[in-house]
Structures are given as C-alpha cells and as structure tokens.
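Participant: One structure follows; several queries about it will come next.
What follows is calculated from the coordinates using simple rules that are stated; it is not laboratory data. Note that this is a predicted model, so its numbers are computed, not measured. As a convention, Cβ positions derive from the backbone with ideal geometry for all residues, glycine included, and neighbour counts pool all protein chains shown.
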Amino acid sequence: MNQNEEKLFKIDLGLRRHPFYQNYIFSYQGKMVFLKGATLSKMLADKVCAISSQKVFRRAKDLIDTDIYSYCAGFDMLEVRRLAKESGHDIENFDAFQNRQADLRHAYEKLDDVVHKPDFDTLYARLSTFLKPFIENSMEPSVWNGMAWTDPQCEQGKTVRHGR
C-alpha cells in the first residue's frame, strides 16, 4: 500500500513445494526484495488450463493475467504444455472460451475491482491469437515474441501459422 492506502501490488503465496520456480529480485522502497516463485511459463500453464476449461467463468481474472503475459516475449509453447502436464493439469478443448463468448463477457465485466482492464473485445481478440496453438492443439515448436508465435529454429523468427 502506498501513503494513499492504494494497493501497489499483490502476491499470491503458496507454501507447497514444487520444482517450477525461480528466484526474483526487485527493489521496493529502496530495499532489495528476494522472492522464490513460480516461473512465468508455469503461471501461464496454469492460466491456459483454466481458460481451456469450464472454470474460466469462475476464474475470469485469469483472462486479464493471460493478457498481461501476452505482452512478454519468450514463452515456448511446448514448454508451457509440458509444465501443464507435469503439474497434473489438462489443457482442455476451450469450448467455453470459443463458444460461450456472451457468458464469458458477462463474467469478465463482473470484475469490478480490476482497474484499467481492457475492454472485452480487445482482450478477447488478443487472447485468441495468443492461445491459438493451445486451442488448435498444435505440437509445432513455437516461441511467442510478444506479438505472434514464431519458429524458434528460424533466424528471422518467421511467424508460425497454426491451423488454417
């Protein structure tokens, strides 16, 4: 909280041990803070599993989190799949995400406590691109560059065309 009693950030803490972590170091109010937390790829794997299932209506905030992750570069699609599987979660068929947009919009718009969230149509369009290889169950190696999935073996980072 800052001096105006506004939340600056929030961290979800989990106490169970797992092998999917890394060390984070950042400065807060002039002091170094050291945390051990899940990797971004592990966090993304959890979000993809939730969005791919019927849980997406109860976990609409995962849409926002995933939208934020989509602005990061370097996600390896096959690594995210592996982490989901090793965590004991399934990437499901995205039926709710693709075929129940009105219900999804309703769940998203109920997130009143989230400030500066993008409008639903903008978020949905970006997530449709970001989640495309998971939706299509693609197994082609690809890495996210912040805008598109690219072939990791191509020097120019050629965009991978998933599906049609």
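Participant: Exposure proxy check: Phe34, Phe134 ranked by fewest other beta carbons within 10 Å?
Facilitator: Ranking Phe34, Phe134 by Cβ neighbours within 10 Å, fewest first, gives Phe34, Phe134.
Participant: Determine the dipole magnitude for the range 55-164: charges of +1 sit on the beta-carbon of Lys and Arg, -1 on that of Asp and Glu, nothing else is charged, the reference point is the Cα centre, and the result goes in debye to the nearest 20.
Facilitator: 160 debye
Participant: Another question, then. How would Thr122, Thr150, Thr129, Thr66 line up from fewest to most surrounding beta-carbon atoms within 10 angstrom?
Facilitator: Going from least to most buried by this count: Thr122, Thr129, Thr150, Thr66.
Participant: To continue, here is another question. Which of the listed residues, Gln98, Ser52, Thr150, is farthest toward the dipole's positive end in the range 40-150, when Lys, Arg count +1 and Asp, Glu count -1 at the beta-carbon?
Facilitator: So the residue we want is Ser52.
Participant: Give me Leu78, Leu63 sorted ascending by neighbouring Cβ count inside 10 Å, so fewest comes first.
Facilitator: Least crowded to most crowded, the residues run Leu78, Leu63.
Participant: Related question: FRET efficiency for Ser27 and Ser87, Cβ-Cβ distance as r, R0 = 30 Å, nearest 0.05?
Facilitator: Efficiency at R0 = 30 Å is approximately 0.45.
Participant: Further, regarding this structure: Just to confirm a number: summing +1 for Lys and Arg and -1 for Asp and Glu over residues other than Arg126 whose beta-carbon lies under 12 angstrom from that of Arg126, what do you get?
Facilitator: -2
Participant: Remind me, relative contact order of the range 40-150 in percent, using alpha carbon pairs under 8 angstrom and six or more residues apart?
Facilitator: 39 percent
Participant: Also, quick follow-up: Could you compute the net charge surrounding Asp95? Neighbours are other residues with a C-beta less than 14 Å from the C-beta of Asp95; K and R count +1, D and E count -1.
Facilitator: Net charge around Asp95: -2.
Participant: Would you mind checking the range 112-156 for residues with the amide N under 16 Å from a putative spin-label position 7 Å along Cα→C-beta of Arg59?
Facilitator: What the label zone holds, given the 16 Å backbone N cut-off, is 131, 134-135.
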